[in-house]
Amino acid sequence: GSDDIIAGNVSKYTVLPAGYCGQLKKGHLIFDACFESGNLGRVDHITEFEYDLFIRPDTCNPRFRVWFNFTVENVKESQ
């Protein structure tokens with residue numbers, strides 16, 4: 001669930017709609033935070049234009065999530 005501890009960063013993680021089994025298409029977003037200072041722990045697909053992003057806590061103070069550092073690839077025009 002959403003209360004799970006997020007331990008690591010997503011690494012070239014492709015987010016697909018629930019039940020989708022076909023080829024990767026333009027607009028199926030690929031998230032990556034596997035680099036120094038990356039902090040994206042989980043991504044959930046909601047709609048084509050909406051995703052829930054779960055940011056990992058700051059390394060030195062787990063109470064804070066004050067910055068967001070990750071990349072997004074494979075976007076389509078007007079997405």
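Examine region 41-58 for a residue that is closer than 20 Å to T14 by Cβ and more than 16 Å from the chain's Cα centre (by Cα), and state whether such a residue exists. Scanning region 41-58, I find no residue that is closer than 20 Å to T14 by Cβ and more than 16 Å from the chain's Cα centre (by Cα), so the answer is no. Mind listing whichever residues of region 35-71 are among the charged types (D, E, K, R), within 30 Å of Y20 (Cα to Cα) and out of contact with any strand residue (DSSP E or B) (no Cβ under 9 Å at 6 or more places or on another chain)? Scanning region 35-71 gives E48, E50.
Of the residues making up region 19-40, those that are modelled with pLDDT of 90 or more and over 11 Å from the mean Cα position of the chain (by Cα) are G19, Y20, C21, G22, Q23, L24, K25, K26, G27, H28. Among the residues examined, V10 qualifies as open to solvent by less than 70 Å² (accessible area, probe 1.4 Å) and touching a residue at least 60 places away in the same chain (Cβ under 8 Å). In region 19-38, the condition of being open to solvent by less than 50 Å² (accessible area, probe 1.4 Å) and either of a type in the set (V, I, T) or touching a helix residue (DSSP H, G or I) at 6+ places or on another chain (Cβ under 9 Å) (or both) is met by at least one residue.
Taken over region 59-71, the criterion of being exposed (fewer than 15 other Cβ atoms within 10 Å of the Cβ) and within 12 Å of the chain's Cα centre (by Cα) is satisfied by F68, N69, T71.
The values are calculated or read from the model by the stated rules, or taken from the named source; none is laboratory data. These figures come from a predicted structure and were not determined experimentally. Positions of Cβ are generated from backbone atoms using ideal geometry, with glycine treated the same way; all protein chains shown enter the neighbour counts. Calculation scope for accessible area: heavy atoms of the full protein, side chains included, ligands and nucleic acids excluded. Shrake-Rupley method; radii C 1.70, N 1.55, O 1.52, S 1.80 Å.
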